[in-house]
Structures are given as structure tokens and as C-alpha cells.
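Derivation of every value follows stated rules applied to the coordinates shown; laboratory data play no part. A quick note: this is a predicted structure, and the numbers were derived from the prediction, not measured. Note: ideal-geometry Cβ built from the backbone for every residue, glycine included; neighbour counts use all protein chains shown.
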Amino acid sequence: MVFDLSTVIVLMCLAAVCLLWWKAREAQERALRAARAYCQNLGLQLLDECVVQGHWRFGRNDSGQLLIERCYQFEFTSTGYERYTGDVVMRGAKLLSISVEPHRMS
């Protein structure tokens, strides 16, 4: 079977899109696990059992490698009545930070 250049380029672009989607899902699953563990350690309840991807940008790690930095939002409660938001920041597959807004303690 012989492929011309345009077919090869289309296949490479398709493979790149699939790889980006795969890595995004992997990062989202890691962010969810991190948010779940963070809430459990603080005695908070993670609501909806999900994280939602917000913005993303390019960032560099300690060795200067260019990686995608993704920010995910999640909601939690401390009292069972009020919803609060938190953020998980991932750079590549590494957890960068988790922050939650000020909330009422029960």
C-alpha cells in the first residue's frame, strides 16, 4: 500500500489529536484523584465527583521542558448546605497545586 504525502500528514495530525485527548483525560483523572484526597484529608465533601477543565497554557518544568499546564475546578462542601469551589493545577502529569476558597467549618 502506498500513501501520498497528504495522507501521511492527515494521519499524523489525527494521531497528534488522539494523543492530546489521551493525555488530557489522564491529567483529568489525576486531578480528580488529587481533589478527592485533598477533600478527604481536610474533612470536606467533594461534590459531583468530578473536576472540570478551565483554562490551560504552556509552562516549563524545573528542567526547562515545555509542558501543558491545565487548571481544573471542583466544588466541595464543608457543611452540607453551601457549595464552594477549588482549583487543581497540573503541569503535564504532575500536580502543581490545590487551592480552595475560604469556607465555613462545621
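If R0 is 41 Å, what FRET efficiency do you get for V2 and Q73 from their C-beta distance, rounded to 0.05? For R0 = 41 Å, the calculated efficiency reads 0.25. From helices alone, the chain scores -13000 deg cm²/dmol at 222 nm; the rule is -39500 (n - 2.57) for each run of n ≥ 4 DSSP H residues, then divide by the residue total. A protection proxy built from the mean count of other Cβ atoms within 10 Å ranks the segments 12-20, 41-49, most packed first, as 41-49, 12-20. Note on R104/R33: beta-carbon distance plugged into 1/(1 + (r/R0)^6) with R0 of 25 Å gives a FRET efficiency of 0.45.
One chain, two ends: L47 and N61. Fully extended at 0.36 nm per residue, the span grows by 1.9 nm beyond their Cα-Cα distance. Computed from the C-beta positions of Y81 and K23 and an R0 of 30 Å, the FRET efficiency is 0.20 to the nearest 0.05.
Given the choices (1) 64, 28, 25; (2) 92, 38, 18; (3) 67, 31, 19, Cα extents along the principal axes in Å derived from the coordinates of this structure is entry (3).
Ranking of V10, V89 by neighbouring Cβ atoms within 10 Å, starting from the fewest: V10, V89.
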